[in-house]
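See structure below.
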Amino acid sequence: MLVAAGIVFLGAVALLVLARVRRDEPGLPLFGENERANTALVLAFGIAVPVVVLSALFVIANLVLLSDTDAPAADETALTVEVVGHQWWWEANYPESGVRTANEIHIPDRTSVNVVVHSADVIHSFWVPELNRKIDTIPGRTNRVELYAEEPGVYRGQCAEFCGLQHAHMALRVYAEPAADFRRWLTQQAEPARTAGLGGEAALGKRYFMENACAGCHTISGTQAEGTIGPDLTHIASRDTIAADTLENTPANLYRWIQNPQSIKPGDKMPGLGLGARKFHAIVAYLSELR
């Protein structure tokens, strides 16, 4: 398609240059005032060539290329990941193991992965450019796309359909890793959150988290926090980013995020709770233990 578009573009530029050179001569370029030849030129380059070229591209793109990038049947893939688009973050579920995470998807390399996408609110578009084409997440519908990474690496994804105020800050990362590393990560993510052995500020942070609205919006497995409005935080400390790849996951950034999320992503559903610096620092200490 790029080659065809390039040829058409160069042809249009050539005609513009020719018209500029012949601007003082009557009639169309090449044929002067020969009316029959000029009519044939308009019909050829104005109608016939575009119809033939666009029809050929339509057939190639829709009947050949799209079928090559369609997700294979679910039983032909080694792994299924369910991805749900929210305003403005990504939920990732591994139904076979019960793992639920956010904004970071782990897959084994050299493995066909079936990604099933849904939307919790508006139309989003799931797109990891280095791994496959984009696919829309539409309320009430289920779409599928295959992810296949030929080698280990981190592949950035992005919502590619305008979905509201923080559309540009709705990114994700796909981590492709050797099969053994992936199984190790999946086993670790399936475990409940650390609830025992917490001391000092982390223990206080857990209490503040459970006593306030945090527990009503987020889930931390193994605790009474079972909210589904925001991302699952069971293993938040194991993630590289927070706020849908808006910030690196550091204690300082986590404090900034929970203390005043609207200053980072205006319009986000997460409110500033006004708990005070001491409580916020304690909650950060608790979340930093959830690996």
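The values are calculated or read from the model by the stated rules, or taken from the named source; none is laboratory data. Keep in mind the model is a prediction, meaning the values are calculated, not measured. In this analysis, Cβ positions are derived from the backbone assuming ideal geometry, glycine residues included, and neighbour counts consider all displayed protein chains. Protein only, heavy atoms only, side chains kept; ligands, DNA and RNA dropped before computing areas. Shrake-Rupley method; radii C 1.70, N 1.55, O 1.52, S 1.80 Å.
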What are the pairs, 6+ residues apart or on separate chains, where a residue within the range 39-51 that is among the aliphatic types (A, V, I, L, M) has its Cβ under 9 Å from a residue that is in a helix (DSSP H, G or I)?
49/8; 49/11
Which condition from (1) within 28 Å of residue 114 (Cα to Cα); (2) open to solvent by 50 Å² or more (accessible area, probe 1.4 Å) is the one that residue 227 breaks?
(2)
Evaluation of residue 122 against (1) of a type outside the set (D, E, K, R); (2) assigned to a strand (DSSP E or B); (3) surrounded by 14 or more Cβ atoms within 10 Å (Cβ to Cβ) (one fails), failing number:
(2)
As an exercise: evaluate residue 165 against (1) exposed (fewer than 15 other Cβ atoms within 10 Å of the Cβ); (2) out of contact with any strand residue (DSSP E or B) (no Cβ under 8 Å at 6 or more places or on another chain); (3) under 30 Å from residue 111 (Cβ atoms) and give the number of the one condition it does not meet.
(3)
Please enumerate the residues belonging to the range 149-194 that are in a loop (DSSP other than H, G, I, E, B), of a type in the set (A, V, I, L, M) and either in contact with a Lys or Arg (Cβ under 6 Å, 6 or more places away or on another chain) or under 15 Å from residue 238 (Cβ atoms) (or both).
160, 193
Please verify whether residue 232 is closer than 25 Å to residue 192 by Cβ, surrounded by fewer than 18 Cβ atoms within 10 Å (Cβ to Cβ) and touching a residue at least 12 places away in the same chain (Cβ under 8 Å), treating the condition exactly as stated.
no
Is it the case that some residue within the range 267-286 is within 22 Å of the chain's Cα centre (by Cα), at positive phi and either open to solvent by 20 Å² or more (accessible area, probe 1.4 Å) or of a type in the set (Phe, Trp, Tyr) (or both)?
yes
